[in-house]
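The block underneath contains the structure these notes are about, expressed in structure tokens.
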Amino acid sequence: MQRDNGDEEDVFVSEVCWNYYVNEMTQAEVAAVMGVTRLRVNQAIQKARAQGIIRIQIESPFLEGLSCAAEVRSAYGVANVLVAPTHPDNYNYHAPAGAALASHLTSRLSQKAFRSIGVSWGMTLEAAARRLVRQTNPELEVVSMLGGTTRGASFNTFGVASAFAEALGAKYSLLAAPIYLAPGLTRDSFLSQAVFEAHFERLRTLDVAILTASDVSARSFLVENGLPRDVTPEDLGAAGAVGDVLGQFLDAEGNDIDHPIHERAVAIDLPTVSRIPEKILAAAGPHKVDIIRAAIRRGLVDTLVTDDRTARLLLEAAR
């Protein structure tokens, strides 16, 4: 079904505002990228303000139409795809996808869709937490789905769940444990402690899981700061890993790699994740194409939140 002229104008206004507010481009830069005059860009921003599209973040039902979302849906069989526009020169694969995730969550929460939200961690989710509209949801609980790491300067892995809860006015439950156990410790005995049993019971009844994915390189926060000292990226690559979801490494077909690190991961297991009613994967960047494809093949993605560059690469890979 074709959009009418009013819909096309709303799409245009949304894309202008996304570039101006999220990608932090000047009005002149937006005009150059979109092939319009600076006056028209200014008029679109003024219209957005007058109509209430611009608040703390961009609220628009037309985010889905800003790029090739429909083609990605068709190519990969994903129910819902959101594609965020990126800055043409200053590429940041965390901020646009994070802002798109925040917009999507705000929309879903306005529909009272969730009572419990499971969250992973990563810089994309940190960006999403900063963009969330402040709300009050006293019946909502945010539950962390994996342990964290005490190393790394980019962000606090244990702070993502609490940041989501603070923005959403919700309760939260942290998984206060390392992401990987030391050699010699068994996962079953560690998680048999009462405090962890109660936490994992919460994870089995989640309404939605918010996931991220990373590759097996120095660009991955997990690889740089969270791997056990006796495990190297080379070990994981040799076992066929293209990346991880929740600290559990997958091959290109979405299968678990044959590596003992999985027995040490303090996280909800992927078979349990696949049974959660709604699974949102927020991931972007050329280096994440293989792990995004693997996560889709594994059945871990109902909604994909990514950016236009990554979407185009996903389509190229599908061909």
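Name the helices (runs of 4 or more DSSP H) wholly inside the stretch 152-210 in which the number of residues that are in the same structural domain as residue 109 (by TED's automatic domain parsing) and loosely packed, with under 12 Cβ neighbours inside 10 Å is 2 or more. So that I can check it myself, show each step before the final result.
Working: elements: 159-168, 187-191, 194-203.
Ranges flagged: 187-191, 194-203.
With the stretch 1-115 as the region, which helices (runs of 4 or more DSSP H) entirely inside it contain at least 2 residues that are touching a helix residue (DSSP H, G or I) at 6+ places or on another chain (Cβ under 9 Å), modelled with pLDDT of 85 or more and assigned by TED's automatic domain parsing to the domain that holds residue 297? Step through it out loud before you land on a result.
Numbers: elements: 5-17, 27-34, 38-51, 69-76, 95-110.
Answer list for the stretch 1-115: 69-76, 95-110.
Could you list, in sequence order, all residues of the stretch 95-114 that are surrounded by fewer than 24 Cβ atoms within 10 Å (Cβ to Cβ) and closer than 20 Å to residue 300 by Cα?
Passing the criteria: 104, 108, 113, 114.
Taking the stretch 96-143 as the region of interest, how many residues are of a type in the set (Gly, Ala, Ser) and under 17 Å from residue 213 (Cβ atoms)? Lay out the reasoning, then the answer.
Taking the stretch 96-143 first, the residues of a type in the set (Gly, Ala, Ser) are 97-100, 102-103, 107, 110, 113, 116, 118, 120, 122, 127-129.
Subsequent filtering for residues that are under 17 Å from residue 213 (Cβ atoms) retains 97-98, 100, 118, 120, 122, 127-128.
Residues in the stretch 96-143 being of a type in the set (Gly, Ala, Ser) and under 17 Å from residue 213 (Cβ atoms): 8 in total.
When you check residue 227 against the structure, is it of a type outside the set (Asp, Glu), in the same structural domain as residue 113 (by TED's automatic domain parsing) and over 15 Å from the mean Cα position of the chain (by Cα), yes or no? Give the derivation first.
Details: of a type outside the set (Asp, Glu): yes; in the same structural domain as residue 113 (by TED's automatic domain parsing): yes; over 15 Å from the mean Cα position of the chain (by Cα): yes.
Against the criterion (of a type outside the set (Asp, Glu), in the same structural domain as residue 113 (by TED's automatic domain parsing) and over 15 Å from the mean Cα position of the chain (by Cα)), residue 227 qualifies.
Go through the residues of the stretch 173-196 one by one and say whether even a single one is free of Cβ contacts under 8 Å to residues at least 40 places away in the same chain and in contact with a Lys or Arg (Cβ under 9 Å, 6 or more places away or on another chain).
yes
Can you pull out the residues in the stretch 220-242 that are of a type in the set (Val, Ile, Thr), outside any helix (DSSP H, G or I) and under 14 Å from residue 180 (Cα atoms)?
231, 232
The values are calculated or read from the model by the stated rules, or taken from the named source; none is laboratory data. All figures in this text were calculated on a predicted structure; none of them were measured in a lab. Cβ atoms come from the backbone with ideal geometry, glycine included; neighbour counts cover every protein chain shown.
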